[in-house]
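Please read the structure below before turning to the comments.
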Amino acid sequence: MNFPIVEHLANAGCLDRVFIDGEWRLPVGRARSAVIDPSTEQAVAEIALGNAQDVDTAVAAARRAFATWSVSSADRRAALLDRVHGLILERAELFAQAISLEMGAAISVARSTQVPVAAEHIRVARDLAGSYPFVTRREGVAIVREPIGVCGLITPWNWPLYQITAKVGPALAAGCTVVLKPSELSPLSALLFAEVMRDAGAPAGVFNLVNGDGPDVGAALSAHPDVDMISITGSTRAGVLVAQAAAPTVKRVAQELGGKSPNLMLPDADFARAVPMGVAAAFRNVGQSCSAPTRMIVPRERLAEVEQLAAAAVAALVVGDPRSTQSTHGPVANRAQFNRVQQMIEAGIADGARLVCGGLGRPPGLERGFYARPTVFSDVNTQMSIAQEEIFGPVLAVIPYDSLDEAVAIANDTVYGLGAHVQGRDLGAARAVAARIRAGQVHINHQAWNPHAPFGGYKRSGNGREYGVEGLQEYLETKAILGDMNEEQA
Ligand code: NAD
């Protein structure tokens, strides 16, 4: 089968390349990696993987470019980001095809969500480049916020373009130069993005891309003495390894890691609205979202009602071929993820959780492809592994509570602290609960995503913040200049 997006990248001559110093180059690394379509389990393309030498070359290019990009005007940075934004929108269909093919997102979701929200990060970064106060004065001191330097950016496969733009946008707006290592499992959208950067006229070396795996390219980037900062989005396991590799060079490490986010239903919540929306949020992107609210914490006396509402919401999902516009959900992204989901469903059953719907195996009629059954467990308790471990698939755990204090304790009974949801009609009460939850972003009554809301983790969900002003500040160093006073202060 021929895929237009693969043909596009092959014609552009970039499938077997890395992008360094403004051009596509053959990597020194000789390894190749197949891109697997998760809906058929078939290889659809082969990409070249770089190695530590390619990282060296890319970092050197980024270092050279930093000398001029770091002192370029805010207008120039904003203008580049504006062109990048325009090109992503212009090539939105290609991006949607790439994402759908490489990680299985239903094409309608790729078109309506994956690509537009990714473009938003560039738009916000463009606006901030022109408006952020890089120099302020306080108590006679000039506070200058300067670009931190050369940044290594390591991204996952679940929201592949979105995770890239959430890092590249603010890094370039700040005046940093970057070496991107996208997930080896979702390289097509990343190659398209590099093409956009080139066509937008990014100066040579400002943006570089080295495809590769974590232990080789990711580790080399993390340990590199001439990289000033690493921003990683990925599992807590990988985040820890990156921090360890980065420690000897004392570079800044921003970690955006895993989650096991709670969705706390207060007794006065509008259950008929909140439960289906909670199911939709938990299963968005087939449950492969770091902040997916996969623990629904509900008053015990409402358990039966919640189960009924959740089962009805799941019955309305259409799991199937991601290329069909009828499908709301495609397969999970890869074999490892499929096996993980199966293993966790098995664990839920073995631990005695009650299966409300879904279960082991593929949905009926889908014999091939990494399709998992959207699964809801009820009567889950916090000791069960399905209540504690990030599953990263369509598995929801409904956990009953008897008192508000217990509900908050359950919400916080996790090593993670990324997202959280609170549902309730009394806004004051919902706000009070939001204040007690140890997580970086809390949504009350399913408030929609906002590209200005800083996003990041407490506890083992990481230490960085992305999006909006806080996302930009991650890429800035603070310099205090004493004696540089305004005339009126002198
Ligand atoms: P992963 O940890 O397997 O890989 C993420 C990235 O890290 C990839 O590019 C990978 O190659 C790289 N990597 C792996 N080992 C490395 C090493 N030793 N050194 C350097 N780099 C290494 O994660 P994944 O399966 O791609 O993504 C899913 C995970 O990402 C989930 O845990 C999810 O919660 C998390 N995630 C977090 C956020 C967030 O903003 N907090 C967003 C999306 C995904």
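The values are calculated or read from the model by the stated rules, or taken from the named source; none is laboratory data. Being a predicted model, the structure only gives us computed values, none of them experimental. We place every Cβ from the backbone using ideal geometry, glycine too, and count neighbours over all the protein chains shown. When the accessible area is computed, the model is the full protein with side chains, heavy atoms only, and any ligands, DNA or RNA have been set aside. Shrake-Rupley method; radii C 1.70, N 1.55, O 1.52, S 1.80 Å.
With a ≥ b ≥ c the root eigenvalues of the C-alpha gyration tensor of the chain, is it rounded (a/c under 1.5), prolate (a/b larger than b/c) or oblate? Display every interim value, and only then the final one.
Numbers: a/c = 2.00, a/b = 1.30, b/c = 1.53.
Here the chain falls in the oblate category.
Could you give the accessible area per residue of the chain, probe 1.4 Å, as a whole number in Å²? List each step's numbers first, then the result.
Working: 18450 Å² over 490 residues.
Each residue of the chain exposes 38 Å² on average to a 1.4 Å probe.
What is the calculated FRET efficiency for Val135 to Asp426, with r their C-beta to C-beta distance and R₀ = 56 Å, to the nearest 0.05?
Numbers: r = 44 Å, r/R0 = 0.79.
Between Val135 and Asp426 the formula returns 0.80.
How large, in percent, is the carbon and sulfur part of the accessible surface of the chain at a probe radius of 1.4 Å? Numbers along the way, then the final one.
Values: 9600 of 18450 Å².
Of all accessible area on the chain, carbon and sulfur atoms account for 52 percent.
Nearest-5 percent of antiparallel DSSP beta bridges in the chain? All intermediate terms of the calculation are to be shown ahead of the outcome.
On the way: 26 of 62 bridges.
The answer is about 40 percent antiparallel.
Over the Cα atoms of region 382-451, what is the Rg over Rh ratio if Rh follows Kirkwood?
The Rg/Rh ratio comes out at 0.95.
Could you size up the charge dipole of the chain around its Cα centre, putting +1 on the beta carbon of Lys and Arg and -1 on that of Asp and Glu, and report it in debye to the nearest 20? It would help to have the intermediate numbers written out before the result.
Working: 43 positive and 50 negative charges, 16 e Å.
So the magnitude is around 80 debye.
For the ranges 473-479, 460-466, what's the packing order if you count other beta-carbon atoms within 10 Å of each residue, average per peptide, and put the highest first? Kindly include the intermediate steps, with their values, before the conclusion.
Values: 473-479: 17.4, 460-466: 23.6.
Packing order, densest peptide first, comes out as 460-466, 473-479.
About the Cα centre of region 262-451, what is the dipole size in debye to 20, counting +1 per Lys and Arg Cβ and -1 per Asp and Glu Cβ, all else neutral?
Details: 16 positive and 17 negative charges, 129 e Å.
Result for region 262-451 is approximately 620 debye, rounded to the nearest 20.
If r is the Cβ-Cβ distance from Arg237 to Arg76 and R0 is 56 Å, what FRET efficiency results, to the nearest 0.05? Could you put the intermediate results ahead of the total?
Working: r = 39 Å, r/R0 = 0.70.
The value I calculate is 0.90.
Please state the shape class of region 357-490: rounded when a/c is under 1.5, otherwise prolate if a/b exceeds b/c and oblate if not, all from the C-alpha gyration tensor.
Note, shape of region 357-490 comes out prolate.
Report for region 286-397 the percent antiparallel among DSSP-assigned beta bridges with both residues inside it, nearest 5.
On the way: 3 of 8 bridges.
Of all bridge pairs located within region 286-397, approximately 40 percent are antiparallel.
For region 262-451, what does the equivalent ellipsoid look like in terms of its semi-axes, each the square root of 5 times an eigenvalue of the Cα gyration tensor, given largest first in whole Å? It would help to have the intermediate numbers written out before the result.
Working: eigenvalues 140, 59, 47 Å².
Equivalent-ellipsoid dimensions as semi-axes: 26, 17, 15 Å.
Express in nm, to one decimal, how much length is gained between Asp270 and Arg368 on full extension, taking 0.36 nm for each residue of separation and deducting their alpha carbon distance.
Numbers: separation 98, 0.36 × 98 = 35.28 nm, distance 3.90 nm.
That works out to 31.4 nm of additional length.
Which residues' amide hydrogens lie under 5 Å from the amide hydrogen of Leu180, considering only partners 5 or more residues apart or on another chain, with H built in the peptide plane?
When sequence neighbours closer than 5 places are left aside, the close amide H contacts are Leu153, Asn208, Leu209, Val210.
By the gyration tensor of its Cα atoms, with a ≥ b ≥ c the square roots of the eigenvalues, what is the shape of region 1-150: rounded for a/c under 1.5, prolate for a/b over b/c, or oblate? Kindly include the intermediate steps, with their values, before the conclusion.
Values: a/c = 2.79, a/b = 1.57, b/c = 1.78.
In terms of gyration-tensor shape, oblate.
So for region 247-344, Kirkwood radius off the Cα pairs, Stokes-Einstein at 25 °C and 0.890 mPa s: how many µm² s⁻¹? Write out the running numbers ahead of the final one.
Values: Rh = 15.7 Å.
Here the translational diffusion coefficient equals 156 µm²/s.
Among Thr325, Gln447, Gln342, flag the residue with its Cα farthest along the positive direction of the charge dipole of region 262-451, charges on Cβ as +1 for Lys/Arg and -1 for Asp/Glu.
Positive-most Cα among the choices belongs to Thr325.
Relative to the present Cα-Cα distance, how much length would full extension add between Thr40 and Asn11 at 0.36 nm per residue of separation? Show your work: numbers first, answer last.
Details: separation 29, 0.36 × 29 = 10.44 nm, distance 2.39 nm.
8.0 nm is the gain from fully extending Thr40 to Asn11.
Got a sec? Charge dipole of region 94-178, +1 on Cβ for Lys and Arg, -1 for Asp and Glu; which of Ala106, Leu153, Gly175 is way out at the positive end?
Farthest along the dipole direction, towards plus: Gly175.
Please compute the length gained on full extension between Gln343 and Ala480, using 0.36 nm multiplied by the number of residues separating them and subtracting their Cα-Cα distance. Don't skip to the answer; put the middle values down first.
Numbers: separation 137, 0.36 × 137 = 49.32 nm, distance 5.30 nm.
Contour length minus Cα-Cα distance gives 44.0 nm.
Using heavy-atom solvent-accessible surface (probe 1.4 Å) with all chains present, what is the largest-first order of Cys176, Cys357?
Numbers: Cys176 0, Cys357 25 Å².
Listed by decreasing accessible area, they come as Cys357, Cys176.
Can you compute the helix-only [θ] at 222 nm over the chain? Use -39500 (n - 2.57) per DSSP H run of at least 4 residues, normalise by all residues, nearest 500 deg cm²/dmol.
Numbers: 16 runs with 187 residues, N = 490.
Using -39500 (n - 2.57) per qualifying helix, the result is -12000 deg cm²/dmol.
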